[in-house]
Structures are given as structure tokens and as C-alpha cells.
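The values are calculated or read from the model by the stated rules, or taken from the named source; none is laboratory data. The structure presented is a predicted model; accordingly, all values stated were derived computationally and were not measured. In case anyone asks, the SASA skips ligands and DNA or RNA and just uses the protein heavy atoms, side chains included. Shrake-Rupley method; radii C 1.70, N 1.55, O 1.52, S 1.80 Å.
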Amino acid sequence: MQTKLSLICLGPLQWFLPVEWISEGRRALRYCRGKSTGDLYEMGKNCEIDMTPQFTRRATLGACAGLLSGCLGYSTKNPDPTPTYKRPPSRVPAVIGTSKVTRKQVLRLQRMVFAEINKERKAHHSHPLKYNVSVARVARYRLNKMYREQYFAHIGPNGHAFPYSLNRFGYKCPKRGAENLIGTSYNPSNSLSSLARSMVKSWMSSAPHRRSLLNDTYKITGVGVLMYEKNGHLDTTSSEIFCQELTQFQPKYS
């Protein structure tokens, strides 16, 4: 039996909220379909979304406003139990539009970030994570997608988050999983190791990212890094995907 959950919405509220707020609410609901109750904060915790107070307020108001009807419902039953995916690229860039760094350097940086993470976990009495190169490739693919589509968020404009990206490459996080994101600039005169340390330090200084980074539930991780030149600066983005368990399957490609 298909269970339906609906939010009680205030129709007139839609006329007073920015469109992006409403969009955030809809994206959060689409991503978390079937993973929680109708409470948006609990939904964020269950789905491992970084629900900052600002995002929680915006997404809650946006979801309750709806778009046109003023009411927004969602079903706990996936309407498409066997989705089809576009075949993933055979090669995922690590560097775009710059000669200041090489692909080899960026791939080395990914490992440095991973090493710094395990250092923090050891210092806080968490077990070390195992590195998975396939998960790292998916993380880097996500950064490329964000770069192409000009956004930087856990949930894309189409409502997809990291589980969908994993599925596209033939992997699943069947239990718990999470993603940390960071964006910064890099001066090539500084060492890559110092960049790795500063990135992990930034995650550790943010409560939601710190929780994911030190969570003893997670066993497997992969770190993706993308570097590109923008306005004369070498911008660096990184995604780390955590999984309690990782399984493989054969996706259906369109």
C-alpha cells in the first residue's frame, strides 16, 4: 500500500518568499523521499543533509509554500523503482582550464586530504576509514557536474544528491552515508600538504561536517578534488563521500 505524506501549507505564503527558498524545500523533499517523516529537520538528519539553521528555515518555509498550488505532498514509495541513468564518463577531469597544476598533483592532493582526515579520526579515537578509488571518482564527478551547472550544494537543481551519483557509477550506500563539501582558493607557491590540512581544518571547525568526518558508523570514503582557474585565481573544490557499507550493482542505462 502506498503511503502518502503531505505538508499543511499556507497558500498565500508563496507570494512572499523568494523562488530559491521554495526550490530548496522541494529539492529537500525529493531527495529525502521515503527516508523520514514529514519533519524537515529530522528529514535532514536522516538523509545526512547539512541542515544549518538558515537552510532549515528556508527549506521549511519553501516546502510549506509550494510553488503554484500552495500545497506540496510527497510519497514514501519511489515512483520509479528501476530508474535509468546516463552512462557515466570514462574519464573524470581533475583540472579544468589551467596549467598551474597537473592532474597527477590533484590526485595526490586527494590522498593527502584523506590522510589528514584519518589523522583527525585517530586523534578523536575513531577507527580509520578505508579509501575507495571508485568513490573518489564519483566525488570528483560530482564536482565537475557542479562546475558545469554553476552550483555548489549537496542537492543539485534536479533534486539529485550523492546517492544518485554513486548509483550512476554502479555503486550503492545501502545503509548510512554522507557528503562533505568545501570550496577554497589555492596559491601554487604554497604546498599541497598545507592546502590539505587547511581543508580538513575547515571541516573540523564546522559542526555538521565534523560529525560526518568523525562518525564511527562510516567505514569507507573517497575524496574528490577539482581545480580550475577563475578570475585569475586557482579555485579548489572538494567532495568527500562517506559510506557505512558499499555495494556494486549493474545500473540500467538509457
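Heavy atoms only, 1.4 Å probe, whole protein assembly: order Cys243, Cys173 by accessible area, highest first.
Details: Cys243 0, Cys173 30 Å².
Ranking Cys243, Cys173 by accessible area, largest first, yields Cys173, Cys243.
Listed here are the pairs Lys145/Lys219; Lys201/Lys230; Lys119/Lys252; which of them are more than 32 Å apart at the Cα?
From Lys145/Lys219; Lys201/Lys230; Lys119/Lys252, over 32 Å: Lys119/Lys252.
More than 25 angstrom separation, counting every C-alpha pair in region 105-254; what % is that?
Within region 105-254, distances greater than 25 Å cover 25 percent of Cα pairs.
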